[in-house]
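To start, the structure itself, in structure tokens.
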Amino acid sequence: MPGRCLVVGSVNTDILLMVPRFAEPGETLLATGMSVIGGGKGANQAVAAARLGAPVLFIAAIGNDPFSEQRYSELEREGIDLRFLARVAGQGGLAFIECNAEGENRIIVAAGANGALEGEGVQRAMRELELCSKDVVLTQLEIPLPAVEAALSIARETGARCVLNATPWADDAADLLRLCDVLVVNALEARQAAGVDREEPIERVATRLVEHVPLVVVTLGGEGALLVTKSERLRCRAPHVPVVDTTAAGDAFTAALAVSLLEGESWEGTIARAVWAGALTVQRPGAQPSLPFRSELEQTIAAFPLVTKRW
Ligand code: RIB
């Protein structure tokens, strides 16, 4: 059996508002467009991994409201195994996203049902799955920390590789770093995780984090990404692309990285594939509608290969 990608994470409904610029405090602005679509870092990464061809299982919690029903149907259509998706009474997760003319976003998340995902339930589900060293477990910090800790601990016991996309960063999560094999963070989160200020050069921050996690990947937006292990330091520059909306670019990046781990890709191939997955996503509005499929990603990489350099 090929390796599986198990995602343990959040499901949100995204209320996306396109705005000419971000509002000042006390100001009312008119949006230039709006949509209500599937989001949540967990769900986005599950969808992205499935579109890139991995067999995906998803442990999450949704509500019993109409939005949650829509999210369930969409995830099912993506071919994701939802046998461990819990339904709880009440509203599912909601995210309010403003996206400005430069494609930058501001996001506020109301956890809703995501807050009901318990460590014990995650443990039970993961034991039933009988994970092994071929599998990859992927989680983020948009669900309660005991659920993340359970996911990483059980993965570790079974030999499955654990990827933590430590976003949104929470200081209580620092203890979890010892449980993961791969840490994916943006530059801000990298500094928060390392406990250093914004003056610290990002290369030095990444090198510090490698003392706690064997593989550290730092996303740098339009600058590309760094990949660091104890013996390897790579930088991949991002391609120049028109940016419409950066929402879920980090999710596409992380999922592509997880799929590369499953497939035994080289570090150079892994980082280039992840950077291109993010770069395709930023060219389209919204979270899940913007995530690329494998064929598109492969054709793009073949047509426009990215250069990775050692540093
Ligand atoms: O990473 C993007 C996601 O963050 C959005 O889909 C939103 O739901 C928030 O979770």
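The values are calculated or read from the model by the stated rules, or taken from the named source; none is laboratory data. Since the structure is predicted, the reported quantities are computational estimates derived from the model, not experimental observations. Every residue, glycine as well, gets a Cβ built from its backbone with ideal geometry; the counts of neighbours run over all protein chains shown. Side chains included, ligands, DNA and RNA excluded: accessible areas come from the protein's heavy atoms. Shrake-Rupley method; radii C 1.70, N 1.55, O 1.52, S 1.80 Å.
Here are some notes:
- Flag for D181 being free of Cβ contacts under 8 Å to residues at least 24 places away in the same chain and more than 13 Å from the chain's Cα centre (by Cα): no
- Applying the condition of being open to solvent by 60 Å² or more (accessible area, probe 1.4 Å) and hydrophobic (A, V, I, L, M, F, W, C) to region 275-302 and asking which residue is farthest from the ligand (Cβ to nearest atom) yields A302.
Every residue, every condition in (1) crowded, with 19+ Cβ neighbours inside 10 Å; (2) of a type outside the set (V, I, T); (3) within 14 Å of the ligand (Cβ to nearest atom), yes or no:
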{"site": "V7", "(1), (2), (3)": "yes, no, yes"}
{"site": "L16", "(1), (2), (3)": "yes, yes, yes"}
{"site": "P20", "(1), (2), (3)": "no, yes, no"}
{"site": "T32", "(1), (2), (3)": "no, no, no"}
{"site": "I37", "(1), (2), (3)": "yes, no, yes"}
{"site": "A86", "(1), (2), (3)": "no, yes, no"}
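- A49 falls short on exactly one of the conditions (1) within 16 Å of the ligand (Cβ to nearest atom); (2) open to solvent by 40 Å² or more (accessible area, probe 1.4 Å); (3) touching a helix residue (DSSP H, G or I) at 6+ places or on another chain (Cβ under 7 Å), and that condition is (2).
- Taking the criterion of being open to solvent by 10 Å² or more (accessible area, probe 1.4 Å) and part of a helix (DSSP H, G or I), the residues of region 97-128 that qualify are G112, G115, A116, G119, E120, G121, Q123, R124, R127, E128.
- Some residue of region 53-69 being among the polar types (S, T, N, Q) and out of contact with any helix residue (DSSP H, G or I) (no Cβ under 8 Å at 6 or more places or on another chain): yes
- Cβ pairs under 7 Å, 6+ apart, first in region 11-29 and of a type outside the set (K, R), second away from the ligand (no atom under 16 Å from the Cβ) and in a strand (DSSP E or B): M18/G33
- Hey, L234 touching a residue at least 60 places away in the same chain (Cβ under 8 Å) and part of a helix (DSSP H, G or I) or not: no
- Only residues that are in a strand (DSSP E or B) and more than 23 Å from L94 (Cβ to Cβ) were counted across region 137-195, and they come to 9.
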